[in-house]
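J.: For reference, the structure I am asking about is given below.
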Amino acid sequence: METLPEFRNEAYTDFSLPANRRAMEAALAQARAQFGREYPLRLDGKLIETEEKLRSVNPSNPAEVVGIHQKATPEMARRAVEAAYAHFPAWSATPAEERVRLLLRAAQILRRRKMEFDAWLVYEAGKTWPEAEADVSEAIDFCEYYARQMLRLSGPQPVVQLSGERDEMYYLPLGVGVIIPPWNFPLAILAGMATAALVAGNTAVIKPSSETPTIAAQFGDVLREAGFPETAFCVFTGSGASVGDVLVEHPKTRFVAFTGSREVGLRINERAARPPPGQIWIKRVIAEMGGKDAIIVDGDCDLESAVSGVLVSAFGYQGQKCSACSRAIVDARVYDAFLEKLAAKAAALRVGPADKPDNYMGPVISEGARRTICEYIETGKREGRLVCGGGTVPENGYFVPPAIFADVDAKARLFQEEIFGPVLAVTRARDFDHALELANDSQYGLTGAIYSNDAEHIRKGRERFFVGNLYVNRKCTGAMVGAHPFGGFNLSGTDSKAGGPDYLLLFLQAKAIAEKV
Ligand code: NAD
């Protein structure tokens with residue numbers, strides 16, 4: 001294979017240009033025209049319809065059914081793993097260069113269909129246009145990046161040569177991977193985990209979130225169009241609670257790549273650790289989980305940029321990012337000024353249907369999510385001082401306006417628990433050391449940021465702020481493939497560093513061969 005051009009992140013579409021706006025409007029209309037379509041389950045090359053169905057709705061207007069999907073049974077889950085196991089020898093024997101070629105083709109198809117995917121993300125995940133565009137761009141980046149990484153990892157790896165021997169090491173795929181993504185990056189995270197597994201030569205059972213199965217089904221079409229054989233992967237729709245354990249515990253499952261909540265991740269980790277009869281390996285678990293991410297605002301900093309950074313990190317995509325800022329820890333010297341500016345900006349954010357580009361915030365994902373977030377807002381009224389939000393939006397969708405609570409104690413639930421919605425706790429710090437102590441007072445350790453002009457404070461923060469992804473003088477969301485390998489410490493997960501040079505190794509095992517010569 002000829003060498004590929006250096007990896008570059010995919011450029012975002014500029015929606016301020018009238019031509020792009022028109023194209024996006026057309027894509028939205030096209031997606032809308034397909035609302036309510038039923039998608040079959042493709043299991044081992046056969047199209048299957050189940051009696052029970054999954055219905056995904058438009059969270060901006062839940063009366064609209066975006067897609068109808070099959071609700072696979074536990075028995076089908078067993079079949080999916082067994083089929084993936086049966087097809088593993090053929091797929092793993094496909095030369096790495098060929099797998100890379102297919103992945104690059106998938107990137108190209110996603111690029112061609114970018115606005116179409118943007119539109120599905122708007123309607124099924126409630127993303128605003130720019131958020132949807134970032135999700136699709138990241139999916140393209142994962143394909144391009146992992147294609148290049150696979151080229152690096154295929155073939156013999158450098159090892160020391162002993163005299164009288166030929167010493168070699170090769171990376172081999174593992175086997176059947178169960179891929180379990182969340183709904184909040186329903187394309188990027190699904191595509192990232194699934195393509196990492198596939199390009200490394202594993203077969204994959206991809207179980208998308210029940211909230212976003214249409215995006216997963218459409219991505220399955222992309223893989224097929226790119227030339228990935230139907231036998232190498234299966235987009236397996238069903239309730240996580242009913243088929244998850246079967247997929248994870250199956251003795252032929254070799255590894256699980258999961259991204260989602262701490263509760264489900266820990267359950268998977270525990271269940272995967274117990275080998276059922278007939279299993280002849282220790283399952284590998286990649287589990288990326290929640291966050292309670294903090295931004296430290298130092299006494300000496302550019303306050304305007306700190307306010308904008310916190311605003312975007314806390315309320316972009318309605319706070320439903322694992323990297324979202326949910327704690328602002330602010331030096332006492334600038335606390336009042338920061339709060340005042342932030343509350344004014346947050347109150348001015350427009351909340352409404354995600355397909356209307358004037359809205360900065362769309363809906364949260366589901367009625368259940370809305371209820372949980374509103375319960376936290378009630379808790380916040382007891383634990384802190386509400387300085388913004390707490391009201392409702394006069395629309396049908398699952399909308400929650402941004403909420404900010406001041407004076408939140410480190411022991412408060414609002415400070416400790418992941419809410420996964422547009423709720424921000426603001427806490428006063430005596431000084432920078434205290435701010436760092438507060439920031440690290442968490443069972444999580446995913447992202448964090450520091451806004452400061454003090455070189456000594458930045459040095460301390462780089463050393464002591466215990467998170468997998470630290471940002472200095474910028475927001476704590478928006479990790480870019482290649483530049484910001486992503487993954488968290490503590491109960492945020494296994495720190496797999498998606499989009500980084502080590503990621504594919506998690507989907508491979510090394511074989512060393514020494515031959516006497
Ligand atoms: P979730 O844990 O509810 O669901 C994640 C996936 O697990 C879904 O596909 C779901 O169907 C499946 N699932 C549910 N029960 C299962 C079971 N018993 N066995 C196997 N699979 C099961 O999470 P979510 O609500 O989809 O996503 C939000 C969470 O994801 C938040 O906690 C967020 O912080 C986290 N997240 C983390 C990262 C990261 O990189 N660390 C990225 C995005 C989201």
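J.: What pairs come out if I take residues in the range 475-491 that are outside the structural domain of C301 (by TED's automatic domain parsing) and over 18 Å from A196 (Cβ atoms) and pair them with residues that are among the basic types (K, R) and surrounded by fewer than 20 Cβ atoms within 10 Å (Cβ to Cβ) whose C-beta lies under 9 Å away, six or more apart or interchain?
T.: L491/R262
J.: Looking at the range 244-260, can you tell me whether even one residue there is within 15 Å of the ligand (Cβ to nearest atom) and among the aromatic types (F, W, Y)?
T.: Checking the range 244-260: at least one residue is within 15 Å of the ligand (Cβ to nearest atom) and among the aromatic types (F, W, Y).
J.: Also, I was wondering about something else. Can you work out which of the residues in the range 321-361 that are outside any strand (DSSP E or B) and within 16 Å of the ligand (Cβ to nearest atom) is farthest from A435 (Cα to Cα)?
T.: Here the residue is K321.
J.: A follow-up question, please. Tell me, yes or no, whether the range 408-416 has at least one residue that is within 12 Å of the ligand (Cβ to nearest atom) and either of a type outside the set (A, V, I, L, M, F, W, C) or in a strand (DSSP E or B) (or both).
T.: no
J.: Yes or no: V122 more than 18 Å from the chain's Cα centre (by Cα) and buried (at least 21 other Cβ atoms within 10 Å of the Cβ)?
T.: So V122 fails the test.
J.: If I ask for residues that are of a type in the set (D, E, K, R) and either buried (at least 20 other Cβ atoms within 10 Å of the Cβ) or within 16 Å of D302 (Cβ to Cβ) (or both), which ones from the range 441-485 would you list?
T.: Those that are of a type in the set (D, E, K, R) and either buried (at least 20 other Cβ atoms within 10 Å of the Cβ) or within 16 Å of D302 (Cβ to Cβ) (or both): D454, R474, K475.
J.: Just wondering, is there one or more residues in the range 157-172 that are open to solvent by 40 Å² or more (accessible area, probe 1.4 Å) and within 13 Å of the ligand (Cβ to nearest atom)?
T.: Within the range 157-172, none of the residues are open to solvent by 40 Å² or more (accessible area, probe 1.4 Å) and within 13 Å of the ligand (Cβ to nearest atom).
J.: Right, something else. Applying the selection to the range 10-39, what residues are among the hydroxyl-bearing types (S, T, Y), under 24 Å from the mean Cα position of the chain (by Cα) and surrounded by fewer than 15 Cβ atoms within 10 Å (Cβ to Cβ)?
T.: The answer is Y12, and nothing else.
J.: Restricting attention to the range 226-240, report how many residues are crowded, with 24+ Cβ neighbours inside 10 Å and out of contact with any strand residue (DSSP E or B) (no Cβ under 9 Å at 6 or more places or on another chain).
T.: Total satisfying the criteria: 1.
J.: In the list A510, A514, A498, which residue meets the criterion of being farther than 23 Å from S305 by Cα and within 13 Å of the ligand (Cβ to nearest atom)?
T.: Of A510, A514, A498, the one residue that is farther than 23 Å from S305 by Cα and within 13 Å of the ligand (Cβ to nearest atom) is A498.
J.: Of all the residues that make up the range 95-112, how many are in contact (Cβ under 8 Å) with a residue 60 or more places away in the chain and either open to solvent by less than 30 Å² (accessible area, probe 1.4 Å) or in contact with a Cys (Cβ under 8 Å, 6 or more places away or on another chain) (or both)?
T.: 9
J.: Looking only at the range 204-240, how many residues end up being among the hydrophobic types (A, V, I, L, M, F, W, C) and assigned to a loop (DSSP other than H, G, I, E, B)?
T.: 2
J.: Sticking with this one: State which residue is nearest to the ligand (Cβ to nearest atom) when the search covers only the range 263-320 and only residues that are in the same structural domain as D441 (by TED's automatic domain parsing) and of a type in the set (F, W, Y).
T.: Once the filter is applied, the top-ranked residue is Y317.
J.: Across the range 288-300, what is the total count of residues that are assigned to a strand (DSSP E or B) and either in contact with a Lys or Arg (Cβ under 9 Å, 6 or more places away or on another chain) or over 17 Å from M193 (Cβ atoms) (or both)?
T.: Count: 5.
J.: Given the conditions (1) touching a residue at least 60 places away in the same chain (Cβ under 8 Å); (2) more than 19 Å from F228 (Cβ to Cβ), report the number of the one that Q149 does not fulfil.
T.: Status for Q149: all satisfied but (2).
J.: Let me ask something additional. In the range 240-277, which residues are among the hydroxyl-bearing types (S, T, Y), modelled with pLDDT of 95 or more and over 17 Å from the mean Cα position of the chain (by Cα)?
T.: Within the range 240-277, T253 is the sole residue that qualifies.
J.: Could you tell me whether any residue of the range 208-225 is away from the ligand (no atom under 11 Å from the Cβ), free of Cβ contacts under 8 Å to residues at least 60 places away in the same chain and open to solvent by 10 Å² or more (accessible area, probe 1.4 Å)?
T.: Checked against the condition, which is being away from the ligand (no atom under 11 Å from the Cβ), free of Cβ contacts under 8 Å to residues at least 60 places away in the same chain and open to solvent by 10 Å² or more (accessible area, probe 1.4 Å), the range 208-225 yields at least one hit.
The values are calculated or read from the model by the stated rules, or taken from the named source; none is laboratory data. Model, not experiment: these values are computed from the prediction. Methodologically, a virtual Cβ is constructed for each residue, glycine included, from the backbone with ideal geometry; neighbour enumeration extends over all protein chains shown. Side chains are part of the model used for accessible areas, which takes the heavy atoms of the whole protein and leaves out ligands, DNA and RNA. Shrake-Rupley method; radii C 1.70, N 1.55, O 1.52, S 1.80 Å.
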